[in-house]
Amino acid sequence: VLVLCGGGVAVATWTLVRATDTVGEVDFVRPLAVPPLADSRLDDQGRRVFDLIAREGRRDFRGDGRLTRTAGFDGDFLGPTLRAKRGEQVRVNVVNKLGEETNVHWHGMHLPARMDGGPHQLVRPGATWSPTWRVDQPAATLWYHPHPHGATEEQVYRGLAGMFILDDDREAALPLPRTYGVDDVPVIVQDRSFSRSGQFSKTRNSIASIGVLGDTLLVNGTVGPYLDVRTERVRLRLLNASTARTYNFGLSDDRPFALIGTDGGLLARTARLTRIRLSPGERAEIVVDVRPGERVTLRSTPPDLGIGGLSRRSAGGADRLDVLQLRAASTLTPAPPVPDTLVPVDRLDPSAAATTRTLEFQGRGINGRSMRMDRIDFAATRDTTEVWEVLNSDGTPHNFHVHDVQFQLLSVDGAAPPPELGGWKDTIYLPPHRPMRIVLRFTDHSDPNLPYMYHCHLLWHEDSGMMGQFVVVEPGQAPGRPPTHAGHG
Ligand code: C2O
Ligand code: CU
């Protein structure tokens, strides 16, 4: 693998593109790290309280003695898995021990805007921010990461991210693997490049302008990971926490797996697939069947990004990447088959839509505008349904993420969505020039002054202004103004 450093931008970029083409041969030499479940306690008001300390660290990722400067929550890299049940009140004490402002956004969570951890909820160095909210949504695999405007890519790339699992009674009643770290395992996938001295290298891929594409995969922070499997079935909670790269996950022998859940929770029906494409920020819960004694690799093959030629290669679309080796024990604990029917999913009714909006992703902005902290782009009304037509019109890979709500896809370029896009979603890949129609419903948590974000989750694009702000207002209420000077603590 070629090492990048110095040189002109164009040379470095080409080097990176060629280097990523050859990625894929991985020696699986380290047991997969499993993020610990975060400790919590119940306070006198019955709230589940977590502490999350953002801090700097160092880690030798490749066992060669070179220490990479990192950041993490409660540790050197990534953070513990937070876990709470539907109906519970949670409170998270976010302590900022970094030397700079940060914050924590609860990606996929339905909650009041002032608890959302968006760019308006900054935590100064040394300060503590304690958002509290009631979990009011189905069981799902969510995640958390910083969101300071302009610095999200850098902070996530350094290692600030973690998983947030929600539980509920419906999920608990299904015969699914759910022993954390044993047959129910977080798989947080990130790509990184290392400089000669072992630091994370942030050479951006300027040909396709999508951001950083690394040549080394980290899974839960582990390079070259394997997982010992002792049960006939293993549930993998896949999270693409990369800053720019889109993956197309499958098994090395193309065996089908059961897709049971997407961003916002379980599907109505299990989908048997051989591949699942995940762009940055998306999640999928899959159940993989293994046979005694075998080794099978979770792998990413080139995703269909809907773009061709050079731009496809430079967007990471030509890479085959080995992710995680599953090593099945010679004797496996039996596990029941994954049911075909999972949970009821209410369909939102687009014919009830109060408003239809178009969001066009192009260049450095949305609808021709770049993000401004002091501008609210539109207001949605509480207890209404909206239809949004989201379009990538510049041919570069983008995706779309919205805060506060989970949405449903109505159509992809006029056609019915495939099963993997048929459930609750908060992030979707936007193939160029193919309009995606989604339906969303805004319920509680109105606040005319404090906005939620919608944006491209390729973090360099987000930081560069491909983001907008909306508020949820009471019927008849006008949008207000975001606070001019943000900050807490
Ligand atoms: Cu995962 Cu607005 O973010
Ligand atoms: Cu983008």
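The values are calculated or read from the model by the stated rules, or taken from the named source; none is laboratory data. What you are looking at is a predicted structure, and each value in this text was computed from that prediction instead of being measured. All Cβ positions, even for glycine, are placed from backbone atoms using ideal geometry, and neighbour counts span all protein chains on display.
Data for the structure
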read-out	value
Count of residues meeting criterion [touching a residue at least 40 places away in the same chain (Cβ under 8 Å), away from ligand 1 (no atom under 16 Å from the Cβ) and over 21 Å from Gly308 (Cβ atoms)] in the range 412-431	5
Scan of the range 216-245 for residues that are hydroxyl-bearing (Ser, Thr, Tyr), touching a Leu at 6+ places or on another chain (Cβ under 6 Å) and either more than 21 Å from Val288 (Cα to Cα) or surrounded by 24 or more Cβ atoms within 10 Å (Cβ to Cβ) (or both), ordered by number	Thr243
Condition met for Ser242 (in a loop (DSSP other than H, G, I, E, B), at pLDDT 95 or above and of a type in the set (Gly, Ala, Ser))	yes
Failed criterion for Asp167 (all others in (1) in the same structural domain as Phe77 (by TED's automatic domain parsing); (2) under 16 Å from the mean Cα position of the chain (by Cα) hold)	(2)
Residue within the range 432-441 that is within 21 Å of Gly365 (Cα to Cα) and within 12 Å of ligand 1 (Cβ to nearest atom) present	no
Test for Ser209: is it under 30 Å from Leu409 (Cβ atoms), of a type outside the set (Phe, Trp, Tyr) and at pLDDT 95 or above	no
Residue match in the range 394-411 (condition: surrounded by 23 or more Cβ atoms within 10 Å (Cβ to Cβ), more than 15 Å from ligand 1 (Cβ to nearest atom) and at pLDDT below 95)	yes
Subset of the range 274-295 that is more than 30 Å from Asp136 (Cβ to Cβ) and assigned to a strand (DSSP E or B) - its residue that is nearest to the chain's Cα centre (by Cα)	Val288
Residue check, Ala33 surrounded by 13 or more Cβ atoms within 10 Å (Cβ to Cβ), within 24 Å of Arg235 (Cα to Cα) and modelled with pLDDT of 95 or more	yes
Scope the range 315-332; condition more than 20 Å from Gly293 (Cβ to Cβ) and either more than 22 Å from the chain's Cα centre (by Cα) or modelled with pLDDT under 90 (or both); matching residues	Ala315, Gly316, Gly317, Ala318, Asp319, Arg320
Strands (runs of 3 or more DSSP E) within the range 346-398 that include 3 or more residues assigned by TED's automatic domain parsing to the domain that holds Arg434 and closer than 18 Å to Gly414 by Cα	355-362, 384-392
Selection within the range 111-164 - within 11 Å of ligand 1 (Cβ to nearest atom) and among the acidic types (Asp, Glu)	Asp116
Pick from the range 30-46, criterion part of a loop (DSSP other than H, G, I, E, B) and within 28 Å of the chain's Cα centre (by Cα), ranking: farthest from Val323 (Cα to Cα)	Ser40
